[in-house]
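Worksheet: one structure, shown below.
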Amino acid sequence: MKSKKTVEHTGKYTPYAREELMQKIQMRMSERRFLHVLGVEETAIALAARNGVSLEKASIAALVHDYAKERPNDEMELIIKTHGFDPELLEYGNNIWHGIVGAYLVEKELGITDEEILQAVRGHTTGAKEMSALDKVIYVADYIEPGRKFPGVDEARIIAMENLDEAVKYETKHTLQHLIEQEAKIYPKTIDTYNVWVSGK
Ligand code: GDP
Ligand code: FE
Ligand code: FE
């Protein structure tokens, strides 16, 4: 299946041709998650075009953003323990690990070394105090891609097409609300993002 707005990969950011990269990603996840990834790519490209971001970087970052989402916990824990990651991460789960540790795996296994792409992957779940335009594109596209269905997603989509920063604010506020509602453990970086993008704006 080809997504509607496919962007050509020049080979500048990945050693693999598009089809091969897609295969490597698809192999690592359920069909449902792969469809989510394709949805994030399509949305990221649209947001990138509106915000002066490289379409190719948006495409690649979107395709790899959840690469580590279905890795077994023991494998992720081992990487955290042996590769200099903050041990505090061990108090969380894959929801928090897959971006941070995922960026490491994307570099190691997919040969993507572009720091802007890796940073967008690293921060896609929690956001960050400082976010590049590419970081925002991936963070927001992940939240509003066409397969997402939750109360408020349509409003988030409208905001995102008008103002990317406002979309970051909306997403951060509503995600934190949802996490508190669930009595989930909040990762400190999620709060940092809230303090800058919600309370600070
Ligand atoms: P996905 O990988 O496409 O499902 O989306 P994300 O990577 O954005 O988020 C994965 C999950 O992590 C979502 O359910 C978020 O609500 C959740 N999440 C985001 N921030 C935090 C946090 O600080 N703590 C916890 N426990 N979960 C979080
Ligand atoms: Fe994710
Ligand atoms: Fe995702």
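Tell me whether region 6-22 contains one or more residues that are at pLDDT 95 or above and within 16 Å of ligand 2 (Cβ to nearest atom). Looking through region 6-22, none of the residues is at pLDDT 95 or above and within 16 Å of ligand 2 (Cβ to nearest atom).
Sub-8 Å Cβ pairs linking a first residue in region 181-195 that is within 15 Å of L89 (Cβ to Cβ) and assigned to a helix (DSSP H, G or I) to a second residue that is among the aromatic types (F, W, Y) and open to solvent by 60 Å² or more (accessible area, probe 1.4 Å), at least 6 apart or interchain, number zero. Against the test of being under 25 Å from M27 (Cβ atoms), of a type in the set (K, R) and either within 16 Å of ligand 3 (Cβ to nearest atom) or in contact (Cβ under 8 Å) with a residue 12 or more places away in the chain (or both), the options R71, R157 yield a single qualifying residue, R71. Looking at this structure, is V37 modelled with pLDDT of 95 or more and either assigned to a helix (DSSP H, G or I) or within 16 Å of ligand 1 (Cβ to nearest atom) (or both)? Yes. If you go through region 24-51 and pick out every residue that is within 12 Å of ligand 3 (Cβ to nearest atom) and either open to solvent by 50 Å² or more (accessible area, probe 1.4 Å) or touching a strand residue (DSSP E or B) at 6+ places or on another chain (Cβ under 9 Å) (or both), you end up with 3.
Taking residues in region 124-135 that are within 13 Å of A61 (Cβ to Cβ), and partners anywhere that are more than 14 Å from ligand 1 (Cβ to nearest atom), the pairs with Cβ atoms closer than 6 Å and at least 6 places apart or on different chains are A133/N51; A133/V53; L134/V53; L134/K57; L134/E116. If the condition is being open to solvent by less than 10 Å² (accessible area, probe 1.4 Å), free of Cβ contacts under 8 Å to residues at least 24 places away in the same chain and within 16 Å of ligand 3 (Cβ to nearest atom), then region 88-103 contributes only A103. Select from region 133-188 the residues that are within 14 Å of ligand 2 (Cβ to nearest atom) and open to solvent by 60 Å² or more (accessible area, probe 1.4 Å) and list them in ascending order. If the condition is that a residue be within 14 Å of ligand 2 (Cβ to nearest atom) and open to solvent by 60 Å² or more (accessible area, probe 1.4 Å), then R148 is the only one that fits. Any idea which of Y92, Y104 is more than 14 Å from ligand 1 (Cβ to nearest atom) and of a type in the set (S, T, Y)? Only one candidate passes the filter, namely Y104.
Quickly run through region 74-87 and pick out the residues that are free of Cβ contacts under 8 Å to residues at least 24 places away in the same chain and either within 13 Å of ligand 3 (Cβ to nearest atom) or in a helix (DSSP H, G or I) (or both). Result: D74, E75, E77, L78, I80, K81, T82, P87. Scanning region 189-201 for residues being open to solvent by 70 Å² or more (accessible area, probe 1.4 Å) and at pLDDT below 95 gives a total of 1. Here V106 clears all of (1) more than 22 Å from D192 (Cα to Cα); (2) surrounded by fewer than 19 Cβ atoms within 10 Å (Cβ to Cβ) except the condition numbered (2). Of all residues in region 109-132, exactly one satisfies the criterion of being on the phi > 0 side of the Ramachandran plot and open to solvent by 10 Å² or more (accessible area, probe 1.4 Å), namely G111.
The values are calculated or read from the model by the stated rules, or taken from the named source; none is laboratory data. What you see is a predicted model, and the numbers here were worked out from it, not measured in a lab. Every residue, glycine as well, gets a Cβ built from its backbone with ideal geometry; the counts of neighbours run over all protein chains shown. Surface areas here come from the heavy atoms of the whole protein model, side chains and all, with no ligands, DNA or RNA. Shrake-Rupley method; radii C 1.70, N 1.55, O 1.52, S 1.80 Å.
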